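What follows is one structure encoded as structure tokens, with my remarks underneath.
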Amino acid sequence: MAARRPPLRAYAVCAPGLAPFVAAELRALGIHPGRTDRGGVTFRASHRQLYAANAWLRTSTRVLVRIGSFPARSFVELERGVERLELDGLVRPGAPMRLRVSSSASKLYHTTAIAERVADAFNSTLVTAADDPDFEAQLLVVRVTRDKLTISADSSGLPLYRRGWHVAAGPAPLRETLAAAALAAVGWDGEAASGAL
């Protein structure tokens, strides 16, 4: 019998103010939401629940899977920390990757140098967004805050508001995630339009 995999630590990213709607959607999927903040909701999920979150969350922009966190006050600490991470199939070493790096209140502040060190540690080639318009390269989100580095893998690929089959897509006045939150805020369940007015 195969060993049971531990739950993944995930973070559903959303527009500011939409975290309560994301948390409600997670509960509806049978996933217990964790801490909410201005930009999203943490949760633990099995691989199956992670797939469900990517398929059914309407108010989230993307779902990140936390790979790890560690202190990083120097590039040596950063490189050692990345080498110690357990990737558990979340990142393919050697595969091209896009990195989104941010840094605040930290000794490591040069985001390009941070990205280069992370890519080198994964033995990967950095790809820019311009070189990867179809989001085929793995996106890693690296955040350094107060000398602590957190690295996450994007499990969504395309932003969730771009999923689906758009036959005749035109300019939309409102992003789909915001429209879904507006409908949830007024309590619309999708059935009201089916009845006679």
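Some notes on this structure:
- For first residues located in region 169-189 and closer than 15 Å to Trp56 by Cβ and touching a residue at least 60 places away in the same chain (Cβ under 8 Å), partners that are hydroxyl-bearing (Ser, Thr, Tyr) and outside any loop (DSSP other than H, G, I, E, B) and lie 6+ apart or on another chain with Cβ distances below 7 Å form the pairs Glu176/Tyr161; Thr177/Tyr161.
- Tally, over region 71-120, of residues that are buried (at least 18 other Cβ atoms within 10 Å of the Cβ) and small (Gly, Ala, Ser): 5
- Cβ separations smaller than 7 Å between residues 6+ apart or across chains give the following pairs from region 98-119 residues that are within 23 Å of Leu158 (Cα to Cα) to residues that are surrounded by fewer than 13 Cβ atoms within 10 Å (Cβ to Cβ) and among the hydrophobic types (A, V, I, L, M, F, W, C): Arg98/Ala129.
- Any hit, region 25-36, residues being of a type in the set (D, E, K, R), closer than 24 Å to Trp188 by Cβ and surrounded by fewer than 17 Cβ atoms within 10 Å (Cβ to Cβ): yes
- Verdict on Glu83 being more than 23 Å from Ala12 (Cβ to Cβ), among the acidic types (Asp, Glu), outside any loop (DSSP other than H, G, I, E, B) and free of Cβ contacts under 8 Å to residues at least 12 places away in the same chain: no
- Complete set of residues in region 1-39 that are in a strand (DSSP E or B) and in contact with a Leu (Cβ under 8 Å, 6 or more places away or on another chain): Leu8, Ala10, Tyr11, Ala12, Val13, Pro33
- Considered as a group, the residues in region 53-70 that are in contact with a strand residue (DSSP E or B) (Cβ under 8 Å, 6 or more places away or on another chain) and part of a helix (DSSP H, G or I) include one that is surrounded by the most Cβ atoms within 10 Å (Cβ to Cβ), and that residue is Ala53.
Laboratory data are not the source of any read-out in this text; all were calculated from the coordinates shown. Since this is a predicted model, take the numbers as computed values, not measurements. In this analysis, Cβ positions are derived from the backbone assuming ideal geometry, glycine residues included, and neighbour counts consider all displayed protein chains.
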